[in-house]
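> Quick one: structure below, then a few questions.
The values are calculated or read from the model by the stated rules, or taken from the named source; none is laboratory data. Every value quoted in this text rests on a predicted model; they were computed, and no experiment measured them. Don't worry about glycine lacking a Cβ; one is built from the backbone with ideal geometry, like all the others, and counts go over all protein chains shown.
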Amino acid sequence: MQPDEKTLARLKPGCICKGIKLIRLIEAIENGADTYEKIARQTGIGGGPCKGKRCGQKVKELLQKKVNNPAASGQDIISELGNRKKRPR
C-alpha cells in the first residue's frame, strides 16, 4: 500500500535544522504567503543554524510552482515535488 502524497508531505522535511515538515510550508503558501519572508514568519524556517541555506531552495521551488500555476492547490504542489528527479550523490 502506497501512502498518499499529503501523508508524504507530512513526513518529508521542509527545514531540517528546525524539524519543520514540508506540509507546513505548503500550508503557508495556501494561506497566502507569497514570499520567503512570509513563509518564514508563518513557519519558523530559516531560523536554524544554516539560516535558510538548506530550506531556502525548497521554498523557492514551492513558490515558483505556485507562480507558474496560481490555481494550484497544495495537493498539486505536492504532486509536482514528488515528480521531480533526485540529484545524484
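> For the range 1-57, which residues satisfy the criterion of being farther than 24 Å from residue 68 by Cα, in contact with a helix residue (DSSP H, G or I) (Cβ under 8 Å, 6 or more places away or on another chain) and at pLDDT 90 or above?
Result: 20, single match.
> Tally the residues that are surrounded by fewer than 17 Cβ atoms within 10 Å (Cβ to Cβ) and either touching a His at 6+ places or on another chain (Cβ under 9 Å) or not acidic (Asp, Glu) (or both), restricting the search to the range 22-39.
Qualifying residue count for the region: 4.
> Could you list all residues from the range 40-58 that are assigned to a loop (DSSP other than H, G, I, E, B) and either over 13 Å from the mean Cα position of the chain (by Cα) or among the charged types (D, E, K, R) (or both)?
Matches in the range 40-58: 47, 48, 49, 50, 51, 53, 54.
> Is one or more of the residues making up the range 56-64 within 22 Å of residue 5 (Cα to Cα), in contact with an Asp or Glu (Cβ under 8 Å, 6 or more places away or on another chain) and not hydroxyl-bearing (Ser, Thr, Tyr)?
Yes, that holds for at least one residue.
> Anything in the range 16-39 that is in a helix (DSSP H, G or I) and either under 12 Å from the mean Cα position of the chain (by Cα) or under 20 Å from residue 5 (Cα atoms) (or both)? List them, or say none.
22, 23, 24, 25, 26, 27, 28, 29, 30, 36, 39 - these are the residues of the range 16-39 that are in a helix (DSSP H, G or I) and either under 12 Å from the mean Cα position of the chain (by Cα) or under 20 Å from residue 5 (Cα atoms) (or both).
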